[in-house]
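Engineer: Attaching a single structure in structure tokens format; questions to follow.
The values are calculated or read from the model by the stated rules, or taken from the named source; none is laboratory data. Note that this is a predicted model, so its numbers are computed, not measured. Glycine also receives a Cβ, built like all others from the backbone with ideal geometry; neighbour counts cover every protein chain displayed.
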Amino acid sequence: SNDESCTLTSVSSHLVTQDLHFTRNRVKLAILGEKGTGKSSLIRRFKWDVFVNDAPEQDSQQVFTKRILAKTNKIELIECDAESLLVDDSLEEEEKEQLRNIRDWVDLHGCLVLYDTTQEGSFDKAVDYTKIMSRALPPSCEIALVGTKCDLKESRKTSFKHADSVAESLGLSLFEVSAKTSINCVVCLDEILERIVDRREPNVESYVTESVYPSDDHTQPVERGYLPSILCVDVSSFVSRWWKR
């Protein structure tokens, strides 16, 4: 019946969204941009592969599953207004800190900073936002610049060559997408998610010594990959690789 269908849908939705912080293979990705950059449209394209003109306002959080590197991952997309990064200088320092500590940023694995390729100055603002996010998030968080509305070639204000040069100087990835025509949307999402998953699950054994105990110690060796054995690693060889920012 319709009532049973609604009940099942409600239960299914609850199971998808409950205890997200404790879900295995979970990826939390922020979609950050100013008003008009196409955040909602891009999220709809990522989740449902659709584009809707004059779509009604949607929830700022969308959850779905996706296969990444042969594993099913739970993807949590968080829509964030870039204006929330700006705080009034007249506020007390404690109030500023509270504003910056947005709950949605907790436990982020990645952040896509959007700019409108057809709007003058949108790219420069996006670059400023990436710098703010780079200071606020850990180095392990994947941050990328994403130019939207790339299908509107005649209205373009920021060239790909210029944007790519700036992104490279900042150590950031750059994508140009169109939520309307779906250009590069799948490529953008898949590449970012694969980087996040690959970075989150490094091959620990390749960095870990055979045992954390000397050969004359008869104590049972710690299993490879166990956290204390990681302390024996010479991290200098790979810190620079991940510390982009």
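Engineer: In segment 59-76, which residue that is polar (S, T, N, Q) and surrounded by 14 or more Cβ atoms within 10 Å (Cβ to Cβ) is nearest to ASN25 (Cα to Cα)? Spell out how you get there, then give the answer.
Structural biologist: Pass one, segment 59-76, residues polar (S, T, N, Q): 60-62, 65, 72-73.
Okay, now just the ones that are also surrounded by 14 or more Cβ atoms within 10 Å (Cβ to Cβ), so 60-62, 73.
Values: SER60: 21, GLN61: 18, GLN62: 16, ASN73: 5 Å.
Looking at residues that are polar (S, T, N, Q) and surrounded by 14 or more Cβ atoms within 10 Å (Cβ to Cβ), I get ASN73.
Engineer: Moving on to the next point. Can you find a residue in segment 135-143 that is within 22 Å of ILE75 (Cα to Cα), modelled with pLDDT under 90 and surrounded by 15 or more Cβ atoms within 10 Å (Cβ to Cβ)?
Structural biologist: yes
Engineer: Taking the conditions exactly as written (more than 12 Å from VAL27 (Cβ to Cβ), at pLDDT 95 or above and of a type in the set (Asp, Glu)), does ASP89 satisfy them or not? Give the derivation first.
Structural biologist: Values: more than 12 Å from VAL27 (Cβ to Cβ): yes; at pLDDT 95 or above: no; of a type in the set (Asp, Glu): yes.
Taking the combined requirement at face value, the residue does not satisfy it.
Engineer: Now for a separate question. Does segment 190-201 contain any residue that is crowded, with 21+ Cβ neighbours inside 10 Å, at pLDDT 95 or above and either outside the structural domain of LYS74 (by TED's automatic domain parsing) or touching a helix residue (DSSP H, G or I) at 6+ places or on another chain (Cβ under 8 Å) (or both)?
Structural biologist: No, segment 190-201 has no match at all.
Engineer: So, in segment 22-47, of the ones that are over 18 Å from LEU112 (Cα atoms) and more than 15 Å from the chain's Cα centre (by Cα), which residue ends up modelled with the highest pLDDT? Don't jump to the end; show me each part of the working.
Structural biologist: Initial filter on segment 22-47 (over 18 Å from LEU112 (Cα atoms)): 22-25.
Pick out the ones that are also more than 15 Å from the chain's Cα centre (by Cα) and you get 22-24.
Numbers: PHE22: 49, THR23: 56, ARG24: 69.
Ranking the candidates gives ARG24 first.
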